[in-house]
Amino acid sequence: MTAPRLLQAFLDESQSDRARDPFCYVLAAGICAPADIDAVRTEMDRLRLRGQRKVHWRDESARRRRQVTASIAAMPLQHVVVVRDGRAGEAAERRRRHCLERMLYELDQLGVETATFESRGPADDRRDRGMLDALRARQVVSPELRIAHVPGPKDPMLWVPDTVCGAVTHQRTGDPQYAELLATRLHIVTITVS
């Protein structure tokens with residue numbers, strides 16, 4: 001009998017800096033025990049400024065990025081990031097699929113029960129479920145791993161991987177200060193194209 005799966009993962013993605021890090025796709029997961037999720041949600045919501053729908057890396061100043069990243073670094077989370085170094089002419093969706101395949105494998109190996117993604121709309125969400133079904137059929141991941149999709153502003157847990165994506169993108173483009181804050185809890189897998 002296998003041990004019950006308890007860990008929960010929350011995922012978001014980003015394309016890297018198109019000028020300085022072209023053809024790169026970043027998919028991040030914040031992984032949390034169920035007992036800690038409410039506290040993390042509360043803290044992330046506390047970090048949201050008046051008038052903000054959600055904490056979003058792109059909209060934050062450098063000072064705020066450091067504040068949010070430092071807060072996340074103190075939370076009971078682990079972070080897995082899959083980075084796809086693509087090639088010119090490769091569609092972003094293809095890079096995302098490669099990242100998603102590897103990420104679902106990594107989460108399954110860690111014993112994650114549910115991976116919750118920021119919804120990209122019904123068609124894209126169906127494609128994610130189709131990818132999970134294909135990986136199950138190939139026995140790349142176990143049948144116990146599930147995925148869910150939620151609108152970004154609805155769940156503050158989804159703001160965590162958005163920040164982690166931003167930190168890793170900045171590290172890749174020469175500004176490691178944010179990723180260094182997360183370093184002890186950050187695992188990066190890079191997929192390169194030969």
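No value in this document is a laboratory result; all are computed from the given coordinates. Keep in mind it's a predicted model, so treat the numbers as computed, not measured. Heads up, the Cβs are rebuilt from the backbone with ideal geometry, glycines too, and the neighbour counts pull from every protein chain shown.
Within the range 32-127, none of the chymotrypsin sites (Phe, Trp or Tyr not before Pro) combine a DSSP coil assignment with at most 14 other C-beta atoms in a 10 angstrom radius.
Under a model in which nothing but the beta-carbon of Lys, Arg (+1) and Asp, Glu (-1) is charged, the chain shows a dipole of about 420 debye around its Cα centre.
Dividing the alpha-carbon radius of gyration of the range 9-65 by the rule-of-thumb value 2.2 N^0.38 Å gives 1.37. When peptides 138-148, 176-186 are sorted by average Cβ neighbour count within 10 Å, with the highest value leading, the order is 176-186, 138-148. Here's the picture: charge each Lys and Arg Cβ at +1 and each Asp and Glu Cβ at -1 in the chain, and of 187, 79, 153 the one pushed furthest to the positive end of that dipole is 153.
Which residue fluctuates most in the GNM of the chain (Cα springs below 10 Å): 28, 62, 115? Looking only at 28, 62, 115, the largest GNM fluctuation is found for 62. Taking Cα pairs under 8 Å and at least six residues apart, what relative contact order does the chain come out at, in percent? That works out to 35 percent. When the Cα convex hull of the range 7-192 is projected onto planes of every orientation, the mean area is 10.3 nm². For the peptides 120-128, 67-75, the ranking by packing is 67-75, 120-128, with the highest mean count of neighbouring Cβ atoms within 10 Å listed first.
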